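Asker: Please find one structure pasted underneath; my questions will follow.
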Amino acid sequence: MSSERRIDDLRNLVNGLYNLGQTIGTGHFAVVKLARHVFTQKEVAVKVIDKSKLDEISKAHLFQEVQCMKLVQHPNVVRLYEVIDTPNKLYLILEFADGGDMYDYITKHVNGLNESLSRKYFRQICRALKYCHKMCVCHRDLK
């Protein structure tokens with residue numbers, strides 16, 4: 001194996017445990033990548049946050065958000081498995097929801113969702129919100 005290839009492999013390896021793959025989402029300070037656990041082969045989403053782009057207030061908000069995510073464990077909320085904190089980046093290892101977010105799901109159905117399916121999803125959202133509120137967590141970015 002060439003040294004260039006090894007460097008690329010290392011760049012795409014997080015903490016020796018996750019092989020980073022394609023980008024599945026982007027934001028102001030972060031990119032979300034599909035990844036695979038080296039040993040279990042389980043697919044996860046890895047949110048890679050560039051801490052150098054954050055001011056002190058944003059960093060404090062981010063770490064508060066991470067603490068909330070650690071508390072929340074509900075079947076209808078994407079689960080945070082692990083946090084890997086390095087000097088320049090913060091890696092959030094998240095459950096991979098391969099169906100995408102609700103907005104994308106709804107827009108893919110140009111004729112809309114039927115009422116019973118809509119009701120089912122609405123109940124799941126309500127259960128998740130009720131649970132979060134019970135845990136004193138409010139959500140600012142429902143997807």
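Asker: Mind listing whichever residues of region 26-36 are surrounded by 14 or more Cβ atoms within 10 Å (Cβ to Cβ) and not in a strand (DSSP E or B)?
Answerer: Hit for region 26-36 is Phe29, nothing else.
Asker: List every residue pair whose Cβ atoms lie under 6 Å apart, where the two residues are 6 or more positions apart in sequence or sit on different chains, the first residue falls within region 79-104 and is closer than 15 Å to Leu20 by Cα, and the second residue, located anywhere, is of a type in the set (Gly, Ala, Ser) and part of a strand (DSSP E or B).
Answerer: Leu94/Ala45; Phe96/Ala45
Asker: I would also like to ask the following. Within region 59-70, identify whether any single residue is in contact with a Leu (Cβ under 7 Å, 6 or more places away or on another chain) and outside any helix (DSSP H, G or I), and answer yes or no.
Answerer: no
Asker: Now, a different point. Of everything in region 87-123, what is among the acidic types (Asp, Glu) and either part of a loop (DSSP other than H, G, I, E, B) or surrounded by 13 or more Cβ atoms within 10 Å (Cβ to Cβ) (or both)? Give them in sequence order.
Answerer: Glu95, Asp98, Asp101
Asker: Further, regarding this structure: For Tyr81, only one of the following conditions fails: (1) modelled with pLDDT of 95 or more; (2) within 15 Å of the chain's Cα centre (by Cα); (3) farther than 17 Å from Val44 by Cβ. What is its number?
Answerer: Going through (1) modelled with pLDDT of 95 or more; (2) within 15 Å of the chain's Cα centre (by Cα); (3) farther than 17 Å from Val44 by Cβ one by one, Tyr81 breaks only (3).
Asker: Here's something else I'd like to know. Under 18 Å from Leu71 (Cβ atoms) and over 15 Å from the mean Cα position of the chain (by Cα): is that true of Lys130 in this structure?
Answerer: So Lys130 passes the test.
Asker: If the requirement is being of a type outside the set (Ser, Thr, Tyr) and loosely packed, with under 13 Cβ neighbours inside 10 Å, which of these qualifies: Cys132, Cys126?
Answerer: Only one candidate qualifies: Cys126.
Asker: Could you list, in sequence order, the residues of region 11-25 that are over 11 Å from the mean Cα position of the chain (by Cα) and in a strand (DSSP E or B)?
Answerer: Those that are over 11 Å from the mean Cα position of the chain (by Cα) and in a strand (DSSP E or B): Leu13, Val14, Tyr18, Asn19, Leu20, Gly21, Gln22, Thr23.
Asker: In region 54-65, which residues are surrounded by fewer than 16 Cβ atoms within 10 Å (Cβ to Cβ) and touching a residue at least 12 places away in the same chain (Cβ under 8 Å)?
Answerer: Hit for region 54-65 is Ser58, nothing else.
The values are calculated or read from the model by the stated rules, or taken from the named source; none is laboratory data. Predicted, not measured: the structure shown is a model, and the values here were computed from it. Please note: Cβ atoms are built from the backbone with ideal geometry, for glycine as well, and neighbour counts cover all protein chains shown.
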